[in-house]
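The values are calculated or read from the model by the stated rules, or taken from the named source; none is laboratory data. As the structure is a prediction and not an experimental result, all values here were calculated from the model. Quick reminder, even Gly has a Cβ in these numbers, built from the backbone with ideal geometry, and neighbours come from all protein chains shown.
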Amino acid sequence: MGYNLWTQSYFNLTIEPQPVSIWKQILFAISVSILNPHAIMDMIIVIGTSALKYNGIAKLYLP
């Protein structure tokens, strides 16, 4: 979706826009969320460091 917007000609923008299929929207949303390096760093740093304070079975189960 982003690649298509980047490579299309400026002159094609004046024509009626074509709807994007639901599968392209889903794949775009998944790729943005999974390939986002900031989200991965947050997951490792924030969740990982807060998990260091738990020991033993407490890492698996919180009452």
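Odds and ends about this structure:
- Of the residues screened, A58 is not one that is surrounded by 10 or more Cβ atoms within 10 Å (Cβ to Cβ), at pLDDT 85 or above and not in a loop (DSSP other than H, G, I, E, B).
- Residue that is surrounded by the fewest Cβ atoms within 10 Å (Cβ to Cβ), among those in the range 1-42 that are at pLDDT 85 or above and part of a loop (DSSP other than H, G, I, E, B): P19
- Filter result for I45 (modelled with pLDDT of 80 or more, surrounded by 10 or more Cβ atoms within 10 Å (Cβ to Cβ) and either more than 26 Å from N4 (Cα to Cα) or of a type in the set (K, R) (or both)): yes
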